[in-house]
Structure formats: C-alpha cells, structure tokens
Amino acid sequence: MNAPHHPRSLAVACCALLAACGGQDAAPATGDLNLFTVKRDDLPITVKENAELQALHETIVRSEIEGQSTIMSIIPEGTTVQPGDKLVEMDVSDLVEKRATQKIAVEKARAALTQANKDVEILEKDLAAKQNTADSNKLITELEFEKFLGRDGGRKNGEAKNSDMLKRLRELIEDAALTGASTNTAVPATDNAGKTNAGKTGPAEATVPVELRNYSGLIDSVARLLQLEDDSKDGSKDGNVKIKALDRDMGDMSNLVLNQVDQIRLAIADLKVKEDTYQHSKRLAQKQFITRNELDKDELAWQSQVSKVALAWNDLDLLINYTLRKNHIKLKKDVDNAELELLRVLASNEAARVRALSDQESKRAEFELANGRLQNLDRQINTAVIRAPAPGLVVYARLDRGRGGDAVREGVAVRERQDLIILPDTMKMRAVIKVQEAQVDKVARGQSAFVQVEAYPGETFTGRVTSVAPVADSNSGWMTSDRKVYSTIVEIDGDNPDARLRSRMAAAVTIVVDTLKNALPVPLQAVRRDRSVNYVWKQTLQGPTAVAVQVGRHNAERVDIKEHVAEGDVLYLVPPPGVQEPKFEQPALPAPSPIDDSKPKAAGGGPPITGADGQPGPEKANPGNGRRGPGGGNKKLAEMTPDELQQFRDGVSRWDGMLERFRERMSEEQLHKFETSLANLRHALEANKLDDAQAAVDALRAATPRPPGPGKNGGSGGAGAGQDRGND
C-alpha cells in the first residue's frame with residue numbers, strides 16, 4: 001500500500017486515464033472555447049465517487065446492558081489499546097439496586113422450592129401409608145370371608161370339610177324322619193282327679209311343633225351359601241344334593257351349623273330320656289306307686305323338652321336362612337368395598353401426587369426464573385466496565401450513523417447493542433463509496449479501481465470492487481435529496497503495516513468499468529434535451545443547427561454519440577446566441593396493457609401481479625429497481641449465482657444503516673423484529689442455509705417502514721440527465 005507496492009508507472013498510467021476522461025475538453029481544435037470538434041477516440045467508462053477509508057476488519061464494541069445506560073467514562077479517541085485495556089465504564093447503579101432486590105426474590109424462591117421438595121417427600125410417605133392401610137383392609141376382609149366360607153383346599157385329609165358338615169346335616173334330617181322324633185307324640189289322658197284312665201286315650205294329645213318338610217331345604221340353602229353347585233344324579237332338583245366341590249375346610253359357617261346340629265341331637269336325646277321317664281312314671285302312677293305331683297313333674301319336664309327340640313330346629317332354620325345369609329352378604333360386600341376403597345385410595349394418591357409434583361415444578365420454574373434474572377443482572381453489572389477484546393486504535397462510533405450523528409461521549413445515554421467504539425485492524429484497508437442509482441448497473445464485483453487519498457496528493461492506490469449493495473442505502477433521500485445511492489466496497493491492494501492510511505480518511509475512487517473503442521465522444525454539456533429527445537447544436541454553412549442525436553454510453557465528462565454526428569463536425573458547448581430552443585416531435589408512448597380481471601390483484605386494488613411468464617407471481621420487493629431490491633428483487637437467494645450471492649453477503653451490512661435510519665419511527669415490537677431478523681439472516685448466511693436466510697430477508701422487508709412520502713422524479717439517466725443535474 002506504500003510507494004514500493006505501487007510503481008510510478010502505475011500512477012502515471014492512472015493519471016493518463018483520468019486525463020482522457022475530460023482533458024481534451026479544455027482545448028477544442030477550433031480554438032473557440034465554446035466549440036468542440038468531434039473526432040474518434042477511445043472513451044473510458046468510469047465511475048468516480050468520493051469515498052471514506054475504513055479498516056477491512058473491525059472489532060465493534062457494543063453496550064451489553066439492557067435498556068438504556070449512561071456512559072460514565074470513555075477512553076480518548078485515537079488511543080492505541082491492547083486486549084484487556086479499559087475502554088468504557090457504564091452507569092449501572094440502578095442495576096445494583098435491582099440485583100439486591102432480585103437476590104431476596106431468589107432466596108424466597110429457593111426456600112419455597114425446598115419446602116415443596118419436603119412436601120413431596122412427606123406426601124409420598126402419607127400416600128404409602130394410606131395404600132398400605134387399604135391393602136391390609138382388603139386382605140383382612142378377604143380373610144374374614146375365607147374364614148366364614150372355609151379355606152379352599154387347606155387340609156388334604158381329615159374330616160374337617162364342608163362336605164362333612166353337609167353330611168351330618170343331611171343325616172340329622174333323615175334320622176329325624178325315620179325315628180319320628182319330630183312327629184306327633186301321644187300323651188296318656190288323665191281324669192279330673194289326677195288318676196290315669198287306663199286303657200284309654202286322653203281327650204287331647206300333646207303335639208310337637210316340628211315339621212320336617214319345613215327344614216328339607218336347609219341343605220340347599222347351606223350349599224348356596226358355600227357357593228357350591230347343585231347337581232343330582234338324574235339332573236333333577238329333588239332335594240338330594242350332590243356336591244361337586246366340597247373340599248373346603250370348615251369355616252365359621254360350617255362350625256355354627258354343626259354346633260346347632262349337635263344342639264338338636266342333644267335336645268332329641270334329652271327328649272327321649274324325658275319321654276321314657278314320663279312313660280315309666282305313668283305306669284307307676286297307675287299302680288299308685290308315685291304321687292300325682294311326681295307324675296305331673298315328669299310330664300312337665302317332657303313337654304318342656306319337646307319345646308326345646310322345636311326351638312333347636314327353629315334356631316337352625318334362622319341360623320341358615322338369616323344369620324349366616326346376612327353374614328355372607330356382609331362379608332362379601334366388605335370384600336367388594338375394600339377393593340373399591342383400595343382403588344379410590346390409589347386414584348386419590350395419584351391426584352395428590354400430581355398436585356404436589358405440579359406445585360414442585362412451578363416452584364422450581366419460579367426459582368430458575370428468579371435465578372436467571374439474577375444471573376442476567378450479574379452479567380450486565382460485570383459488563384459495565386468494557387475492555388478491549390483486541391488490539392487497535394480507538395475510533396468512536398456514531399450515535400446515529402445513518403444520519404451523520406455525533407460520536408459517543410461521556411454522559412450520553414446509549415441503548416442495548418449500541419455501537420460504542422470501533423477498533424479497526426488497519427493492516428488491510430477498504431474504501432466505501434456511494435454509487436448513484438443511474439450508474440450502479442455499471443459497477444460489478446471484481447472491477448479494478450484507483451484510490452486517491454486527500455492526505456497523500458499525487459499518490460494513487462490500486463484496488464478492486466469486492467461488493468455492491470443489493471439495496472439502496474437507507475440514508476438515500478433522508479433530509480438531503482431524492483437520489484438513491486448504493487454502498488460499494490473497494491478493497492485496497494497490499495498491506496498497511498505503518499498505518500499510513502487511517503479510518504475515516506477522505507478519498508476519491510475511480511472504478512474502471514469499460515473502454516469504448518473508436519467512439520465519437522463529446523462533452524456532456526454539448527448535449528441538450530427537449531423532453532424525450534436529446535439534441536446538439538451543430539455548426540453548419542447555414543449557421544447553428546439543432547440536430548437530434550442518439551446518445552450511447554458515457555462517463556462523468558463525455559458521452560458517445562451514435563448518429564447524426566460525424567468525425568470533424570463542430571458542436572457548440574453552450575447554445576449559440578440569438579437562437580431559440582428547438583421543439584422536436586416526441587416519440588409515441590407505448591400503449592398500456594389492458595387490465596385482466598381474471599388475474600389476482602395486488603394489495604390496495606393495483607394492477608395484477610404477474611411473473612416473468614405472464615402468470616400470477618409474487619409481488620416485487622422493489623418495483624423501481626428489482627435487481628437491487630432487498631434480497632435481490634424477485635430473485636430468491638437459492639436461485640442466485642455465486643457472484644450474486646457474494647454481492648448479497650457483502651451488502652448485508654447496509655441493513656444496519658437502514659435500522660439506524662428508521663429506528664425512531666419503529667415501535668419496540670418492530671425494532672425487536674427487525675434486529676432479530678437481521679441476526680437470523682447473518683447466522684443463516686454463515687451456515688449457508690439459504691432457505692432460512694430467505695425467510696429472514698422476507699421478515700426484514702415486512703419490518704421495514706415505508707419512506708415518509710413519495711420522492712421526487714429522479715430523472716431518466718443518460719447524458720441528458722447528467723446535463724439536467726449540471727444545470728440544477
């Protein structure tokens with residue numbers, strides 16, 4: 001980048017190139033300063049614009065404090081710093097107070113989380129106790145029911161089976177029927193004097209109130225209580241019960257039945273004894289061996305025993321049909337209820353567990369949220385002192401870069417992510433120029449350029465165009481003019497080890513676009529314009545004559561004439577005196593296409609939106625200049641060539657300028673959406689995810705506000721346009 005890198009011959013060649021652009025205009029062949037003689041020559045097509053030098057690689061130091069904060073101290077601009085040197089100190093007194101309050105909130109949330117954890121532990125123990133109680137209650141009721149019916153298959157051998165109980169019950173009923181113990185019994189009649197009427201039957205016989213037909217169904221009732229099946233030999237229900245499954249051990253029910261059977265047998269045996277005694281007493285009384293009182297006593301004992309036998313049978317009936325049945329129902333329902341209670345306890349435990357775990361999770365989330373806020377405050381407080389991340393020369397950032405605002409300084413309030421200091425790496429430099437819309441199509445990546453720095457007059461540096469912004473600069477037309485400009489980067493060849501070139505130095509850049517061979521170049525001021533027709537004043541034998549011409553390519557000083565001008569013609573650089581401005585017939589305007597109502601309308605009721613094939617297509621991002629619109633106009637990123645994609649990557653930084661331009665007009669939501677989309681765009685481009693990058697571009701377009709009103713007509717370009725700007 002110093003003189004050894006740029007030979008003198010290169011500088012001389014550049015000066016010759018610049019002189020060729022307009023040096024001949026100063027000495028027309030006619031000798032008259034107002035006349036110009038046309039001759040064939042090479043016309044260099046160049047784009048020349050003022051520029052500002054910047055480091056190719058910069059480290060930007062930003063504020064990391066949320067919201068707004070005030071700069072308490074800042075290192076002087078121009079200071080050379082090393083990594084770790086203090087650059088800026090921000091005022092974080094409010095954050096320190098918030099941190100103290102937030103720390104209390106964190107401790108409260110921690111205590112609540114600890115309590116919730118303990119509550120879950122206690123609850124689990126309570127739920128386990130409830131479930132154990134329900135399990136044991138269910139087991140106990142099942143045991144009680146099993147105890148009532150008898151254990152199934154408990155004893156392999158022995159007589160303590162339900163079948164034994166049924167057998168003894170059946171024998172009792174059958175024996176009673178055979179012996180007639182439960183039938184009517186005759187009692188000898190006596191006269192009024194108490195003497196026995198021998199050989200006679202008394203006027204009334206004492207009847208024992210026991211009928212076997214009333215008790216024949218007891219065996220079936222017991223079998224049903226035992227949950228056994230009735231199956232007679234011939235398949236009929238004749239009262240003879242054949243038991244298929246009688247291998248249960250005797251339980252409480254069988255014990256009670258057997259106990260009552262034994263009571264009946266004892267009562268019948270006692271009745272037999274008392275009956276024999278009574279009969280013997282009657283015979284003795286007939287022989288007057290005993291008194292009437294003794295006979296009456298034996299009769300009363302016999303009649304009393306008859307009643308006891310009847311009561312014993314009735315107790316057996318009540319036991320089987322009511323008491324045991326009631327106990328069977330109760331125990332069975334107790335088992336069912338215990339099972340339902342266990343299910344209820346399980347469901348209730350699960351609900352209580354869900355509530356406790358939900359409360360625990362909410363307490364944990366509250367603690368993590370409070371702790372996260374505390375850590376965020378700690379991070380912001382720790383970033384209050386900003387240190388240099390890399391070596392470099394301190395350059396203050398602009399508070400409002402897009403409008404040429406003041407640089408940062410002490411006492412100024414800055415927002416989060418606001419640029420504070422730029423640390424440029426001056427080893428490699430670049431020049432940033434603003435190419436006007438009329439000439440931006442001429443500039444392309446890879447074109448050679450010459451840079452002249454005002455600080456070093458007479459010295460020229462070489463470089464190449466590395467990027468052309470795909471969209472107009474966001475500062476275009478803002479409180480200045482309506483002209484659109486596109487930021488273009490020219491990377492300067494060679495290194496800058498001694499830092500001769502510095503950031504923000506003023507320079508001029510000439511980009512060599514092309515060279516038009518054997519053209520007819522004339523000065524721009526010689527070409528005039530009548531509405532849509534370009535013309536020149538030519539010197540003829542009849543005097544000054546206005547001739548319509550067709551202009552070709554041009555540079556900043558001269559333009560190529562395509563027709564009606566030949567080599568040797570003499571043209572007027574200014575209108576000759578005493579002539580009137582000509583009026584030329586204007587070309588017919590093309591007829592607009594009729595509106596096709598069958599095609600979809602644009603938003604707002606505009607003309608139909610069509611694609612390149614005439615079919616309905618997406619709305620153009622920038623109707624005035626589709627090629628330079630955001631994201632490359634209608635062209636998707638995935639459809640771009642590698643060079644176009646690289647140009648787009650190089651121009652992404654222009655979105656920052658757009659953000660600065662519209663920041664005050666954006667709401668907080670729009671601003672957040674714009675910054676998030678811009679960050680997503682950069683990440684997607686770095687990862688080469690073109691679909692994600694396209695989505696971010698679309699989001700940026702949607703978040704970008706419209707300009708504050710329609711702009712002026714910027715002219716049609718070309719030589720005539722250049723002349724109009726000159727006249728203005």
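The values are calculated or read from the model by the stated rules, or taken from the named source; none is laboratory data. Note that the coordinates shown come from a computational prediction; the quantities given were computed from them, not determined experimentally. All Cβ positions, glycine included, derive from the backbone under ideal geometry; neighbour counts span all protein chains shown.
Each residue in region 102-135 was checked for being surrounded by 13 or more Cβ atoms within 10 Å (Cβ to Cβ), under 20 Å from Arg373 (Cα atoms) and among the polar types (S, T, N, Q), and 1 of them qualify. Selection of region 417-463 for residues being farther than 28 Å from Pro642 by Cβ and touching a helix residue (DSSP H, G or I) at 6+ places or on another chain (Cβ under 6 Å) yields only Thr460. Does at least one position in region 64-79 carry a residue that is at pLDDT 90 or above, closer than 30 Å to Arg504 by Cα and in contact with a Pro (Cβ under 9 Å, 6 or more places away or on another chain)? So far as region 64-79 goes, no, none of its residues is at pLDDT 90 or above, closer than 30 Å to Arg504 by Cα and in contact with a Pro (Cβ under 9 Å, 6 or more places away or on another chain). Evaluation of Lys434 against the conditions (1) at pLDDT below 90; (2) among the charged types (D, E, K, R); (3) part of a strand (DSSP E or B) shows that the sole unmet condition is (1). For region 80-91, a residue qualifies if it is assigned to a loop (DSSP other than H, G, I, E, B) and modelled with pLDDT under 90, but none of them does. Please verify whether region 290-306 includes one or more residues that are out of contact with any Gly (no Cβ under 9 Å at 6 or more places or on another chain), aliphatic (A, V, I, L, M) and touching a residue at least 24 places away in the same chain (Cβ under 8 Å). Yes, because at least one residue in region 290-306 is out of contact with any Gly (no Cβ under 9 Å at 6 or more places or on another chain), aliphatic (A, V, I, L, M) and touching a residue at least 24 places away in the same chain (Cβ under 8 Å).
Residue-by-condition table, conditions (1) of a type outside the set (Gly, Ala, Ser); (2) modelled with pLDDT of 70 or more; (3) under 30 Å from Val549 (Cα atoms); (4) surrounded by 10 or more Cβ atoms within 10 Å (Cβ to Cβ):
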{"site": "Ala591", "(1), (2), (3), (4)": "no, yes, yes, no"}
{"site": "Asp596", "(1), (2), (3), (4)": "yes, no, no, yes"}
{"site": "Lys601", "(1), (2), (3), (4)": "yes, no, no, yes"}
{"site": "Asn622", "(1), (2), (3), (4)": "yes, no, no, yes"}
{"site": "Glu639", "(1), (2), (3), (4)": "yes, yes, no, yes"}
{"site": "Met658", "(1), (2), (3), (4)": "yes, yes, no, yes"}
{"site": "Phe662", "(1), (2), (3), (4)": "yes, yes, no, yes"}
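Is it the case that Gln360 is in contact with a strand residue (DSSP E or B) (Cβ under 7 Å, 6 or more places away or on another chain), of a type in the set (S, T, N, Q) and surrounded by 14 or more Cβ atoms within 10 Å (Cβ to Cβ)? When the stated conditions are applied, Gln360 does not pass them.
Scanning region 643-656 for residues that are over 24 Å from Arg398 (Cα atoms) and at pLDDT below 75 yields one hit, Asp643. When region 210-245 is examined, which residues are found to be closer than 18 Å to Phe145 by Cβ, assigned to a loop (DSSP other than H, G, I, E, B) and modelled with pLDDT of 60 or more? If the condition is that a residue be closer than 18 Å to Phe145 by Cβ, assigned to a loop (DSSP other than H, G, I, E, B) and modelled with pLDDT of 60 or more, then Leu226, Gln227 are the ones that fit.
Taking region 633-684, which residues are β-branched (Val, Ile, Thr) and outside any helix (DSSP H, G or I)? Selection gives Thr641, Val652. Per the conditions (1) within 16 Å of Ile386 (Cβ to Cβ); (2) surrounded by 14 or more Cβ atoms within 10 Å (Cβ to Cβ), the sole criterion not satisfied by His57 is (1). Note on region 480-536: residues that are among the small types (Gly, Ala, Ser), out of contact with any helix residue (DSSP H, G or I) (no Cβ under 7 Å at 6 or more places or on another chain) and at pLDDT 90 or above amount to 5.
Of the listed requirements (1) assigned by TED's automatic domain parsing to the domain that holds Val443; (2) out of contact with any strand residue (DSSP E or B) (no Cβ under 7 Å at 6 or more places or on another chain); (3) farther than 30 Å from Leu423 by Cβ, Leu541 misses just one: (1). Residue check: is Ile74 in contact with a helix residue (DSSP H, G or I) (Cβ under 8 Å, 6 or more places away or on another chain), closer than 18 Å to Glu410 by Cβ and touching a residue at least 24 places away in the same chain (Cβ under 8 Å)? For Ile74, the condition - in contact with a helix residue (DSSP H, G or I) (Cβ under 8 Å, 6 or more places away or on another chain), closer than 18 Å to Glu410 by Cβ and touching a residue at least 24 places away in the same chain (Cβ under 8 Å) - is not met.
Residue-level check: of (1) loosely packed, with under 12 Cβ neighbours inside 10 Å; (2) more than 24 Å from Ala134 (Cβ to Cβ), Leu374 misses just (1). Report yes if Leu318 is more than 60 Å from the chain's Cα centre (by Cα), exposed (fewer than 15 other Cβ atoms within 10 Å of the Cβ) and among the aliphatic types (A, V, I, L, M), otherwise no. Here the answer is yes, as Leu318 does meet what is asked. Looking at Gln360, Gln439, Gln418, Gln380, just one residue is touching a residue at least 12 places away in the same chain (Cβ under 8 Å) and over 41 Å from the mean Cα position of the chain (by Cα), and that residue is Gln439.
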